[in-house]
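Enquirer: So that we are looking at the same thing, I have put the structure below in C-alpha cells.
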Amino acid sequence: DVRPNTRLDYLKVLGKIEEAIGAVLIQETDFARLMSWKKSMERKGRSTHFIKKWFTHWGIVNSHGIKIGETQCSALKAIRGEMRIKSPARRSTYITRPQIDAVVAESDNRGLFHISLAVLMRFEFMLRGVDVHGQWEPRGDRKGGIQSDGQMWVDGLTWDMFDADLVSFTKVISKTRDSLPEPYTFDLNNTPDIRRRLT
C-alpha cells in the first residue's frame, strides 16, 4: 500500500534485518531473542536512530505476520510494546541561511541554476525534495504525464501550479495527499530571488 520509493526503502532495511538475524523462526523468537538483537546492535556501536529504525521495520514484518494469522506475532507485538527502545534525540542543529547561500552560489558558479532554484524552494517553503524536483515511479497502467522507460515522473512542481504573475503557487503535499488532498498556497512575494529565477 506504500509508494514505490517508500517500498524500495523498506526492502533495503528489511534486507539488512534478514542479513543480520538470518533464518530465525517467529515461533522461536521471544523476549530474550529480541533483547539479544538490541544488545548486539549496542555492542557494535549502532546509533539510537539505527536501533529504533531497525525495530520499527521489524515491527512492520511482525504486523504482517499478525495479518496472515501467525499467532506468535501477536505475542511478540505485546513483548515489543513492553521493551524500552530509545528514540533518537531531537535535532539541535539546523541548516542556516548562510549555508544555503553558499550552496546556491556554488551551484550558480557551476551553471546548475535549476539546482539553485530547487534548493531555495525547499529552504524557503520547507518542502521535501520530491515536492520540488519530483521523483520517478513505475508507470503501471497510468496514462499521460511525463514518461520514460516504463517510469512516470510525479510529485514535482509544474508550471500549472504557478499563477500568471508568479506571486504564488499551489501544491498538494505528496506525503499527506491522502489525509490532506487540498493544495497549499505558497506566497512568492517575499522571495524575490525565487521569482527572478522563475522568469
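The values are calculated or read from the model by the stated rules, or taken from the named source; none is laboratory data. Model, not experiment: these values are computed from the prediction. Virtual Cβ from ideal backbone geometry, glycine too; neighbours counted across all protein chains shown. To get the accessible areas, we keep the full protein, side chains included, count just its heavy atoms, and leave off ligands, DNA and RNA. Shrake-Rupley method; radii C 1.70, N 1.55, O 1.52, S 1.80 Å.
Enquirer: Rounded if a/c is under 1.5, else prolate if a/b beats b/c, else oblate: with a ≥ b ≥ c from the C-alpha gyration tensor eigenvalues square-rooted, which is the chain?
Expert: Judged from the Cα gyration tensor, the chain comes out prolate (a/c at least 1.5, a/b above b/c).
Enquirer: If the cut-off is 24 Å between C-alpha atoms, which lysines fall inside it for residue 77, apart from same-chain ones fewer than 8 positions away?
Expert: The qualifying lysines are 12, 16, 38, 39, 52, 53, 67, 86.
Enquirer: If I compute solvent accessible area with a 1.4 Å probe over the protein chains, what percent of it on the range 1-159 is carbon and sulfur?
Expert: Within the range 1-159, the accessible surface is 55 percent carbon and sulfur.
Enquirer: Now for a different question. Give the peptides 58-69, 113-124, 128-139 in descending order of average Cβ contacts within 10 Å, highest first.
Expert: Ranked by mean Cβ neighbours within 10 Å, highest first: 113-124, 128-139, 58-69.
Enquirer: HN-Hα J couplings of the range 160-169 from phi, Karplus 6.51/-1.76/1.60, θ = phi - 60°, integer Hz, Gly and Pro as x?
Expert: Residue by residue, the range 160-169 yields 5, 7, 9, 6, 4, 8, 6, 9, 6, 9 Hz.
Enquirer: Could you sort 155, 30 by accessible area so the largest value comes first, with the probe set to 1.4 Å?
Expert: Listed by decreasing accessible area, they come as 30, 155.
Enquirer: Another question, if that's okay. What number comes out for accessible area per residue over the chain if the probe is 1.4 Å? Units Å², please.
Expert: Per-residue accessible area for the chain comes out at 69 Å².
Enquirer: Among 142-148, 193-199, how do they line up by average Cβ neighbours within 10 Å per residue, starting with the highest?
Expert: Averaged packing, sorted descending, gives the order 193-199, 142-148.
Enquirer: With a ≥ b ≥ c taken as the square roots of the eigenvalues of the C-alpha gyration tensor of the range 115-199, please select rounded if a/c is under 1.5 and otherwise prolate if a/b is larger than b/c or oblate if it is not?
Expert: Prolate is the answer for the range 115-199, as a/c is 1.5 or above and a/b outweighs b/c.
Enquirer: Hey, another quick one. At a Cα cut-off below 28 Å, give the lysines reachable from residue 143, other chains included and same-chain residues fewer than 8 away excluded.
Expert: 171, 175
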